[in-house]
Amino acid sequence: MEPTSRITIDLVLPDDLEALIELYKELVDNELHMEQIKTQFLRLQQNEDYYIIGAKNEAGQLMGTVMGIVCHDLLLNCRSFMVVENVIVSSNYRGLGIGKLLMERIEGIAIERNCYRTELFSSAARQAAHQFYESIGYDRESSIGFVKYL
């Protein structure tokens, strides 16, 4: 068990991409292509509204990740909000508080960016994830999400 005091939470770097893909494999079943992800990652790094955050242990291993996207709005005094995506903690490290640390960091960035809310969507089948999100203050009853795949 890793004490959370030995975990660093910071931006994911290009050198972390292979480990990031391994984490993503725990989240999705479809094939992931390194070159395509690398190209997109570098593009997102140049955009100040995208944040890909990682949790690393003392050995520098990527244990979890989250992505936040600042969305600019015209309502509510033009305040922005943040969409949270791709939340994953390696199955080897779940239950250690890493997910909470990642979410606290991404929410801190949202506050720094003057966002008035964060929002996320989770697959209906991921009941353990839903319990986690509720345990850190997310309300599944406040909104209804709709998805249309194109």
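The values are calculated or read from the model by the stated rules, or taken from the named source; none is laboratory data. What you see is a predicted model, and the numbers here were worked out from it, not measured in a lab. Don't worry about glycine lacking a Cβ; one is built from the backbone with ideal geometry, like all the others, and counts go over all protein chains shown.
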inquiry  = I'd like the residue in the range 136-149 that is among the small types (G, A, S) and without any contact (Cβ under 8 Å) to a residue 12 or more places away in the chain and, out of all such residues, is nearest to R94 (Cα to Cα).
reply    = G137
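The rows are residues; the columns are (1) touching a Ser or Thr at 6+ places or on another chain (Cβ under 7 Å); (2) buried (at least 16 other Cβ atoms within 10 Å of the Cβ).
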site: M67; (1), (2): no, yes
site: C71; (1), (2): yes, no
site: L74; (1), (2): no, no
site: C78; (1), (2): no, no
site: N92; (1), (2): no, no
site: E112; (1), (2): no, no
site: T118; (1), (2): no, yes
site: S122; (1), (2): no, yes
site: Q127; (1), (2): no, no
ask   = Which of the residues belonging to the range 80-91 are modelled with pLDDT of 95 or more and either more than 27 Å from L42 (Cβ to Cβ) or among the aliphatic types (A, V, I, L, M) (or both)?
value = M82, V83, V84, V87, I88, V89
request  = Assess whether I37 counts as being among the β-branched types (V, I, T), surrounded by 15 or more Cβ atoms within 10 Å (Cβ to Cβ), out of contact with any Asp or Glu (no Cβ under 7 Å at 6 or more places or on another chain) and without any contact (Cβ under 8 Å) to a residue 40 or more places away in the chain.
outcome  = yes
ask   = Which one is nearest to the chain's Cα centre (by Cα), of the residues in the range 80-90 that are under 16 Å from V12 (Cβ atoms) and buried (at least 19 other Cβ atoms within 10 Å of the Cβ)?
value = V87
note = All conditions in (1) touching a Lys or Arg at 6+ places or on another chain (Cβ under 9 Å); (2) among the aliphatic types (A, V, I, L, M); (3) free of Cβ contacts under 8 Å to residues at least 40 places away in the same chain; (4) more than 24 Å from K25 (Cβ to Cβ) are true of A128 except (4)
query = Has the range 20-29 got any residue that is at positive phi, within 14 Å of the chain's Cα centre (by Cα) and not hydroxyl-bearing (S, T, Y)?
reply = no
Selection status of Y93, among the hydroxyl-bearing types (S, T, Y) and more than 14 Å from the chain's Cα centre (by Cα) = yes
task = Would you check which residues across the range 64-112 are touching a residue at least 60 places away in the same chain (Cβ under 8 Å), in a loop (DSSP other than H, G, I, E, B) and more than 19 Å from I21 (Cβ to Cβ) and list them?
result = L96, G97
request  = Among the candidates Y51, Y24, single out the residue that is of a type in the set (F, W, Y), modelled with pLDDT of 95 or more and not in a loop (DSSP other than H, G, I, E, B).
outcome  = Y51
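Looking at the structure I just gave you, is I37 within 28 Å of A125 (Cα to Cα), touching a Lys or Arg at 6+ places or on another chain (Cβ under 7 Å) and not acidic (D, E)?
Taking the combined requirement at face value, the residue does not satisfy it.
Filter the range 104-150 for residues that are acidic (D, E) and more than 16 Å from the chain's Cα centre (by Cα); which is farthest from C71 (Cα to Cα)?
My answer is E141.
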